[in-house]
Amino acid sequence: MTPASTLLLVVLGAILNSTAPLFSVFVARIAFGASLRGAQVAGALIGIAGVASLVGFGEVTADPQFVLAIGASLVAALSYAVGASYAARTFPGARPLDISAGQLIGASILLLPAALFSLPPSAPPPEAIAAMLALALLSTVVAYLIYFRLIAEVGPTRAIAVTLLVPVSGVLLGTIFLGEDANANLLLGLGLILIGVGLVTGVVAGPKRGSPSGAGAPAA
């Protein structure tokens, strides 16, 4: 696989992952009866368009493996949405620490058999171990504590809107530390994503008074 094709897969992955807020709006409505706000749907669509503009496009070969990978990515984004709404409805009074610990322990048990069959042939270098620890402790443990607190306080749809910002962080870090160009697509994408996040979270167009989608309600 060439570097260009690898980058394209990362780009597509970022776009597909950003569909989670859109799924969350409909999951909250269909499965949990939350009110469906047009501003949230519009914000999710605008945010996805912003991600697409931010990361760009390219040519791909739509073979069966590619289609399967696209489907798996969309199922993963849908699972994020279902999990966020389920956590908000099922564990309304639970501490974020308890939910995070339970989720990570359960996931570790499920993944352990597969990990044992795919052990590396030799010990990884210290840099890889340090990166793994950073991902595990900061980007997973700490992030989940913040994430589940957000779900409890502002609702799953608003909390999961953070997935729209992941490509933004990646591009900005690349621009700052790797010297990548901040072109017009980056600025356009950033603007659309910020508008989308604002609509989804209610910052740009706040929810109506009494709406179950308001701040503090777990519906959306």
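Would region 66-76 turn up any residue that is under 23 Å from G196 (Cα atoms) and at pLDDT 85 or above? Yes, because at least one residue in region 66-76 is under 23 Å from G196 (Cα atoms) and at pLDDT 85 or above.
For the structure I just gave you, tell me whether L8 is at pLDDT below 75 and surrounded by 13 or more Cβ atoms within 10 Å (Cβ to Cβ). Lay out the reasoning, then the answer.
Numbers: at pLDDT below 75: yes; surrounded by 13 or more Cβ atoms within 10 Å (Cβ to Cβ): yes.
The answer is yes for L8.
The values are calculated or read from the model by the stated rules, or taken from the named source; none is laboratory data. Everything numeric here is computed off the predicted structure, so don't read it as measured data. A quick note on method: Cβ atoms are made from the backbone with ideal geometry, for glycine too, and the neighbour counts reach across all protein chains shown.
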